[in-house]
Amino acid sequence: MASAKISVVIVGAGIVGAALALHFARRGAAVHVLDEGAQAGSGVTARAFGWVNIVNVVPGAANYALVQEALAEYARLQADLPGAFAAARSGSLFWLETVAGTEAFAAAHRGAGADVELVDAATVAAWEPALRQPPACAIFSPRDLALDPARLARDLIDAAGASVTFGRKVESLVLSGSRVRGVRLADGAIEADLVILAGGTSVDRLCENLGFRTGVEASPSIILRYSCAAPVVTRILRGPGLEIRQSPDNRLHVAKSYIDDRQENAPERMGQRILEVMQERLILPEGVALAEAAAGYRPVFSDGLPRLGFLPDVEGAYVAVGHPGVILAPLLGRLAAEHVLEGRRPPLVPAAGLK
Ligand SMILES: Cc1cc2nc3c(=O)[nH]c(=O)nc-3n(C[C@H](O)[C@H](O)[C@H](O)COP(=O)(O)OP(=O)(O)OC[C@H]3O[C@@H](n4cnc5c(N)ncnc54)[C@H](O)[C@@H]3O)c2cc1C
């Protein structure tokens, strides 16, 4: 597949599909993006916290090197599309329960080649004066970014100049012999040389009639957003029990682990509890109120790695899915485009079945 005029249909306009659109279009492909949502980034991408980071990834984890590469890819994207990052903030502070734990985690990151440094309580207090009790030390990760992933998805698709169809579900793949020829919607079909499945947790539904499953799982996590009238924090802060950032509109964003489906752990109830935690830990202006509380389902694999590659036993179908999708998306977009259009293999262990 070395033709520069290849026609590509991307199923899914989340952050991953959007990044694919940009990279395929930049290499001369005619790209059409389809999504059943009303606009780009309306799947789990709309629920993401929006932290592009290395510091929250455990050194030694299977995806560590990939995330490091993904941060370098973000730097390239920022230089390429500065307007898409106008509202992004950079830098995060991360600390654990104990000083020894924080120091050891920083040392492990540095040993793995990450650009992080330890800062003391006085520095944290000067940088983040709203913290009532700054930690004795924290890991400062200067290249981490905080951004609005749904907005970035829209900007990437605009920059790609891709044609788009929203509000329409892809029902199945159009198969002719052992070749995928396009996608079928309720009222017709769209032909393409290549179909890329970037539907997040839904990706296996479209592989089913080809007898293949990626094994993607839907892992819940909770996003809480609070209206707030004034600036509170500058960087992304992650300490025990609280992961928080603030966007330029002053909204405060908090990500929480999903506990279970009992009423007391429903997102709204959690949102009220976390507001109390925020009031204990931070000097907040009057009137901070819960504006949004929802669970989102992340597309994860048990080995912690994304899936990128051609589907087996057919021609013309490719899959791109994985977590942490916001962090990885621009890199996955580049790797997939280089694989398909330039014949370069992605530096990922090929997952079972993918070519
Ligand atoms: C609370 C929370 C916090 C998170 N924080 C972070 C973070 O800080 N950093 C990070 O990297 N990740 C984070 N994530 C994970 C991140 O949101 C996901 O990994 C990422 O958004 C996945 O993007 P995607 O494009 O693969 O999926 P999606 O955004 O779900 O996009 C897939 C799209 O495909 C469409 N689609 C599916 N099937 C079809 C079909 N048959 N026909 C038409 N359209 C279809 C869907 O409508 C959807 O829009 C977080 C997730 C949650 C829930």
Calculate the dipole size of the range 250-355 relative to its Cα centre from +1 charges on Lys and Arg beta carbons and -1 charges on Asp and Glu beta carbons; express the result in debye to the nearest 20.
280
Taking r as the C-beta separation of F166 and I283 and R0 as 41 Å, the FRET efficiency to the nearest 0.05 is 0.45
If you average the C-alpha positions of the range 92-131 and of the range 21-41 separately, how far apart do those two centres end up, in angstrom?
39
Where labels lie 7 Å past Cα in the beta-carbon direction, separation of E342 and A87 in nm:
3.2
Most mobile of P306, P330, P134 in a GNM of the chain (Cα contacts under 10 Å)
P134
Under 15 Å between alpha carbons, and skipping anything fewer than 8 positions from K256 in its own chain: which aspartates and glutamates qualify?
E243, E264, E268, E276, E292
If every alpha-carbon in the range 298-355 counts as one equal scatterer, what log10 I(q)/I(0) does Debye give at q = 0.15, 0.20 1/Å?
-0.40, -0.72
Give me the extension gain from S227 to R110: residue separation times 0.36 nm, minus the current Cα-Cα distance, reported in nm with one decimal.
38.5 nm
Pairs of alpha carbons in the range 42-110 whose separation is greater than 19 Å (percent):
49
If amide H atoms are modeled at 1.01 Å from N in the peptide plane, then the residues at a separation of 5 or more from R181, or on another chain, having amide H under 5 Å from its own are V174, L175, S176
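Quick check on the chain: what does the Kirkwood estimate of hydrodynamic radius come out to from the alpha carbon pairs, in Å?
On the way: mean 1/r = 0.0473 Å⁻¹.
Every distinct Cα pair counted, the radius reaches 21.1 Å.
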As a test of understanding, state the convex hull volume per residue of the range 1-142 from its alpha carbons, in Å³.
157
How large is the direction-averaged shadow of the alpha-carbon convex hull of the range 72-188, in nm²?
12.6
Would you list which aspartates and glutamates come within 20 Å of K355, measuring only between C-alpha atoms, while excluding same-chain residues fewer than 8 positions from it?
D193, D204, E208, D303, D313, E315, E338, E342
If you find the alpha carbon centre of the range 170-198 and of the range 229-302, how far apart are they in angstrom?
40
Which whole number of Å³ per residue matches the convex hull of the alpha-carbon atoms in the range 99-248?
204
Compute for the range 166-275: radius of gyration divided by Kirkwood radius, i.e. Rg/Rh, restricted to C-alpha atoms, rounded to two decimals.
1.17
Distance between modelled label sites at R205 and D120, nm, 7 Å Cα→Cβ extension:
5.6
Running Debye on the range 207-355 with equal point scatterers at the Cα sites and no solvent, what base-10 log of I(q)/I(0) appears at q = 0.09, 0.12, 0.14 Å⁻¹?
-0.43, -0.67, -0.79
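Since every read-out is calculated from the coordinates, none of them should be taken as a lab result. It should be emphasised that the depicted structure is a prediction, and the values quoted were computed from it without experimental measurement. No Cβ is skipped: glycine too gets one built from the backbone with ideal geometry, and neighbour counts run over all protein chains shown.
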